[in-house]
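Read-outs: derived from the displayed coordinates by stated rules, not from any lab. What you are looking at is a predicted structure, and each value in this text was computed from that prediction instead of being measured. Cβ placement follows ideal geometry from the backbone for every residue including glycine, while neighbour counts extend to all protein chains displayed.
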Ligand code: KG4
Ligand code: ZN
């Protein structure tokens, strides 16, 4: 009888459940985003996010088990995101995980959401496996609506933060820019779509800290500059220049990310790089990162989007290796808004 790990992710506004077989093999992954609920407010409303998790998580777990014909006697462990994230959202996942662990008498473990993101390329399923030759150590750019950081991933559990944004996350910058243009929430994908027909050199936006000889980033300067430009242009011009505006703004974000990744590769002398998080869906980031990696002779891995956006499979993988090492959480496991001391080693220059 096959045994599975049940994984739960509810750190922001995506409710996700996965079942993993040993060695990071994903048997089932379900994820439901709440974009349509938060769209009217122009951003994620924490209270609404947690209520929706409470509503959707229990039936999603039942559905995943039922549809795959897997009984509780086949679940040998549970992994759940308990940090960092929106506290109300994290409470729902951790309470559900603890309850199920108690009721079914199975061990469980709390996982750092960002550890999930940086391990995501190591997941496997019928369509995806990490490419030949890929493994530790590697550089990871985690870039989403909530985070933008560069890590050196030395081994399971050995993660060094080399740089991060000082202010907004790159996805947040895309979303705020989208809002300025009236594109709805989250605006990242729409900016990407409109940019396809635009001229990336039509407008100049400042790059984020590329003059600093370290791996720190910033996206608030380009956002303020966009705000000033949008006010100057006025509604009619914005409408007619939308594609150029999107292409130019996108270029500033993408170039900032790639310039910092380039510096990281030189500094760390590593040949393997991954990009993960929701912004890795950006078509310009993908194509520019691929040409950059080819030029520099690097192995670049961008996992499939289902493992890049917030998902429970990556949490399952992080929990699985920790369980293999004998780690367990107790019923005192608390949700935490920030990472725990020791999750990452700071190595920011
Ligand atoms: O990882 P994710 O699903 O959730 C978290 O933020 O944790 O990432 C969502 C972010 C949003 O900011 C969204 O606008 C951005 O990823 N995003 C994109 C694209 N698709 C999603 N940004 C730029 N281009 C895209 N194609
Ligand atoms: Zn995330």
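May I ask for the percentage of alpha-carbon pairs in the range 254-349 that lie more than 24 Å from each other?
When all Cα pairs of the range 254-349 are counted, 40 percent exceed 24 Å.
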_FRET efficiency, residue 211 to residue 158 (Cβ-Cβ, R0 30 Å, nearest 0.05)_ = 0.45
*Considering only the chain, what is the antiparallel percent among its DSSP beta bridges, to the nearest 5?*
55
*Give the Debye-formula value of log10 I(q)/I(0) at each listed q (0.10, 0.11 Å⁻¹), with one equal scatterer per alpha carbon of the chain, two decimals each.*
-0.60, -0.72
*Pick out which of 261, 194, 57 has the largest mean-square fluctuation in a Gaussian network model of the chain, springs linking Cα atoms closer than 10 Å.*
194
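Show that you can apply the helix-only estimate: for the chain, add -39,500 (n - 2.57) for every DSSP H stretch of four or more residues, divide by all residues, and state [θ] at 222 nm to the nearest 500.
Mean residue ellipticity, 222 nm, calculated: -13500 deg cm²/dmol.
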*asked:* Sort 320-332, 97-109 by packing, meaning the average of other beta carbons within 10 Å per residue, with the highest value first.
replied: 97-109, 320-332
*Could you work out which residue, out of 136, 41, 205, moves most in a Gaussian network model of the chain, that is, has the largest mean-square fluctuation with Cα springs under 10 Å?*
41
*Most mobile of 151, 159, 203 in a GNM of the chain (Cα contacts under 10 Å)*: 203
*Size of the range 72-216 along its principal axes in angstrom, Cα-based, largest extent first?*
60, 38, 33
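Just the ratio, please: alpha-carbon radius of gyration of the range 81-123 over 2.2 N^0.38 Å, N its number of residues.
1.28
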*Tell me, in nm to one decimal, what length is gained between residue 167 and residue 290 on full extension, where the rule is 0.36 nm per residue of separation less the Cα-Cα distance?*
41.6 nm
*Have a look at the range 209-253 and give its Rg and Dmax from the Cα atoms, expressed in angstrom.*
12.7, 40
*How big is the Cα convex hull of the range 1-155 in projection, averaged over all directions, in nm²?*
10.0
*asked:* I need the calculated FRET efficiency for the pair residue 348 and residue 103, taking r as the beta carbon distance and R₀ as 30 Å, to the nearest 0.05.
replied: 0.10
*asked:* Rounded to whole Å, give me the distance from the Cα center of the range 294-349 to that of the range 112-158.
replied: 7
*asked:* If every alpha-carbon in the range 135-270 counts as one equal scatterer, what log10 I(q)/I(0) does Debye give at q = 0.09, 0.10, 0.16, 0.20 1/Å?
replied: -0.28, -0.35, -0.78, -1.08
*asked:* Can you compute the modelled spin-label distance between residue 51 and residue 126, with each label point 7 Å from Cα toward Cβ, in nm?
replied: 3.9
*Pair residue 305, residue 32: separation of 7 Å Cα→Cβ label points (nm)*: 2.0
_For a label point 7 Å along the Cα-to-beta-carbon line of residue 325, residues of the range 77-102 with backbone N under 19 Å_ = 77-84
